[in-house]
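Data first, discussion second: the structure below is written as structure tokens.
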Amino acid sequence: MDFKQVEGFNDYVVVKKVKNFELDHVFECGQCFRWNKTETGKFIGIAYGKVIEVEKNGEDLIIYNTNIEEFKTIWQEYFDLNRDYTEIKKELSKDALLKKSVDFGKGIRLLKQEHFELLLSFIISSNNRIPMIKRAIATISEKWGEKIEYKGKIYYSFPTIEELHTKTLEDFENCSIGFRAKYIFNTCQKVYENTGILEQIFKLDDNECHIELQKFMGVGPKVADCIMLFSMQKYSAFPVDVWVKRAMMHFYVAPDVSLKKIREFGRDKFGELSGFAQQYLFYYARENNIEV
Ligand code: 8HG
């Protein structure tokens with residue numbers, strides 16, 4: 001467990017002695033799209049139909065607009081606080097090349113995000129840039145999500161399948177997601193017609209999960225890996241996008257290797273910790289704008 005105890009107050013909680021948790025690392029390592037930094041260096045995010053604000057004060061993590069019950073039922077898991085990242089980092093740092101990325105992103109934790117939201121979010125992510133992805137998801141939420149007020153400002157939850165399955169292809173074409181509109185439309189229909197399908201996929205082992213996710217339109221190997229890793233707790237996933245490819249070429253493999261080969265190489269090398277290794281590499285490569 002990566003914290004000592006939690007204290008509840010009226011509308012916030014203080015998580016004491018939190019280890020391996022840096023706000024910038026967690027929220028800007030590419031895994032989430034609904035968190036934004038405030039002028040004072042805190043982050044405000046929307047998840048599980050709620051808006052929370054988080055602050056780091058020394059070793060304390062303060063979560064505003066919540067209470068101790070919610071912390072125990074939602075946020076403790078969401079922030080993956082039961083996991084010992086010191087152990088993971090120790091293991092990965094045995095690889096002298098990976099150690100550099102681990103040290104750089106030392107406060108990264110993998111969030112446990114909602115299946116349906118992540119499925120659509122990562123379909124939107126294909127051949128797309130993170131600021132554009134964030135904008136598109138915000139647009140979809142503003143159109144069809146629930147209003148949530150926090151500190152006099154309105155935020156929007158990510159819409160439910162009940163809400164989205166009634167939307168037309170044209171509705172999605174008006175969300176600035178280009179060719180992905182038809183994937184989103186088709187996927188919403190499929191999820192609606194197969195109640196519980198994402199729960200079923202969640203229960204599969206890593207390799208089956210990767211295969212089943214690719215049966216959704218717009219989900220290839222890379223997108224499936226992201227959904228597995230960021231919402232289905234499949235930590236042998238190794239999504240290879242342009243940044244991970246550059247990092248792998250920079251540190252390990254020859255330049256003319258295919259994405260598939262890089263994925264296999266990564267999974268062989270890092271095993272059950274592949275997903276964590278990938279995240280340190282992604283963050284390192286993107287923040288340092290590495291080139292090969
Ligand atoms: O965390 C991520 N890992 C990988 N491998 N790819 C990601 C992550 N986050 C994220 O948005 N992407 C995708 O990479 C989106 C987009 O296709 C590209 C941005 O660099």
Residue list for the range 181-196, filter: part of a helix (DSSP H, G or I), open to solvent by 20 Å² or more (accessible area, probe 1.4 Å) and of a type outside the set (A, V, I, L, M, F, W, C) | Lys182, Tyr183, Asn186, Gln189, Lys190, Tyr192, Glu193
Out of (1) in contact with a Lys or Arg (Cβ under 7 Å, 6 or more places away or on another chain); (2) within 29 Å of Ala47 (Cα to Cα); (3) open to solvent by 20 Å² or more (accessible area, probe 1.4 Å), the one Val242 does not meet is (1)
Checking Asn36 against (1) buried (at least 19 other Cβ atoms within 10 Å of the Cβ); (2) within 16 Å of the ligand (Cβ to nearest atom); (3) of a type in the set (S, T, N, Q), the condition it does not meet | (1)
Can you pull out the residues in the range 236-250 that are in contact with a helix residue (DSSP H, G or I) (Cβ under 7 Å, 6 or more places away or on another chain) and under 24 Å from Arg129 (Cα atoms)?
-> Ala237, Phe238, Pro239, Val240, Asp241, Trp243, Val244, Lys245, Arg246, Ala247, Met248
Pairs returned, first residue in the range 1-29 that is open to solvent by 20 Å² or more (accessible area, probe 1.4 Å), second residue that is in a strand (DSSP E or B) and among the polar types (S, T, N, Q), beta-carbon separation under 9 angstrom, 6 or more apart or interchain, are Lys16/Gln5; Lys17/Gln5
What are the residues in the range 135-160 that are crowded, with 19+ Cβ neighbours inside 10 Å and either modelled with pLDDT under 95 or within 14 Å of the ligand (Cβ to nearest atom) (or both), if any?
-> Ala136, Ile137
Could you tell me whether any residue of the range 77-88 is among the acidic types (Asp, Glu), crowded, with 19+ Cβ neighbours inside 10 Å and touching a residue at least 24 places away in the same chain (Cβ under 8 Å)?
-> no
Residue identified as free of Cβ contacts under 8 Å to residues at least 12 places away in the same chain and either open to solvent by less than 30 Å² (accessible area, probe 1.4 Å) or not hydroxyl-bearing (Ser, Thr, Tyr) (or both) among Glu199, Glu163, Glu173 | Glu173
Search the range 42-58 for residues that are at positive phi and pair each with any residue that is not in a strand (DSSP E or B) and not acidic (Asp, Glu) when their beta-carbon atoms are under 6 Å apart and the residues are at least 6 apart or on different chains.
-> Tyr48/Ile74; Gly49/Ser157
Selection from the range 251-278 of residues more than 12 Å from Asp225 (Cα to Cα), surrounded by 17 or more Cβ atoms within 10 Å (Cβ to Cβ) and of a type outside the set (A, V, I, L, M, F, W, C) yields Gly266
If you check Lys56, Lys72, which single one turns out to be basic (Lys, Arg) and not in a strand (DSSP E or B)?
-> Lys72
Within the set of pairs 6+ apart or on separate chains, which have a first residue in the range 117-132 that is outside any helix (DSSP H, G or I), a second that is small (Gly, Ala, Ser) and more than 11 Å from the ligand (Cβ to nearest atom), and C-beta atoms under 7 Å apart?
-> Ser126/Gly218
If you go through Ile262, Ile184, Ile211, the only one that is within 26 Å of Ser101 (Cα to Cα) and of a type in the set (Val, Ile, Thr) is Ile262
Write out, first by first residue and then by second, each pair whose Cβ atoms fall under 6 Å of each other, whose residues are 6+ apart or on separate chains, and whose first residue, in the range 202-230, is among the β-branched types (Val, Ile, Thr) while the second is open to solvent by less than 60 Å² (accessible area, probe 1.4 Å).
-> Val219/Leu213; Val223/Phe122; Val223/Ser126; Ile227/Leu118; Ile227/Leu119; Ile227/Phe122; Ile227/Leu213
From the residues in the range 183-223 that are more than 30 Å from Gly271 (Cβ to Cβ) and within 16 Å of the ligand (Cβ to nearest atom), which one is nearest to the chain's Cα centre (by Cα)?
-> Ile184
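The values are calculated or read from the model by the stated rules, or taken from the named source; none is laboratory data. All values derive from a computational prediction rather than experimental measurement. Positions of Cβ are backbone-derived with ideal geometry, glycine not excepted, and every protein chain shown enters the neighbour counts. Keep in mind that these areas ignore ligands, DNA and RNA; they rest on the heavy atoms of the full protein, side chains included. Shrake-Rupley method; radii C 1.70, N 1.55, O 1.52, S 1.80 Å.
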